[in-house]
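Step one of this worksheet: look at the structure below.
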Amino acid sequence: MTVSYCRRWNTLLHAPIEPMTEEEARAADAAGTLYCAVVGGPHEVDAVVEVVRGHGYFGVYFFDAHERQKTKFEFSRRPGGGLFLKAVIAWQYPDDQPRRQINESSRIDEVQYQPDGVVRHIVRDKIADEKTTTDFQDVPLDINGEPEPAFGDWASIARFDRAPKPAA
């Protein structure tokens, strides 16, 4: 797996802001400050992992074939250890224009998870100028657990497919 590091990721340019060496990123990780791990090659980014370990926050961004942000997973640290997938946000765009920003999306689907099994689904349809919110109770959320990655170990958290793994 190819990984590079930067202070932030520029979604408009689809490029790093303030590239960092691995040593600089490791120091930011140890200090608990913001940095990004860019997973994939320079011309084909698989995911960008935004890390603020000091706040127990990990955001994972995925992009479509037009280099637009298509999905974001937000994780927070659980009190007992590990991470919890607390939100999934997906953007849809009105056309195939490359490098559109998320504010140019035509629809936003956001699913918010709470550890007690409450799930909220919010749909913002900008074309219809509608927002709908649906709440669900007692949803099993075992799949929302994720081990907190050690520095450099991005494979598990940077996977788009969150389906449960079959028992071995």
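Tally time: how many residues in segment 15-73 are among the basic types (Lys, Arg) and within 12 Å of the chain's Cα centre (by Cα)?
2
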Would a scan of segment 62-83 turn up a residue that is touching a helix residue (DSSP H, G or I) at 6+ places or on another chain (Cβ under 9 Å), on the phi > 0 side of the Ramachandran plot and of a type in the set (Gly, Ala, Ser)?
-> no
What residue, among those in segment 124-154 that are at pLDDT below 95, within 21 Å of residue 59 (Cα to Cα) and of a type in the set (A, V, I, L, M), is surrounded by the most Cβ atoms within 10 Å (Cβ to Cβ)?
-> 141
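The values are calculated or read from the model by the stated rules, or taken from the named source; none is laboratory data. No experiment lies behind these values; they were computed from the predicted model shown. Backbone-built Cβ (ideal geometry, glycine too); neighbour counts: all protein chains shown.
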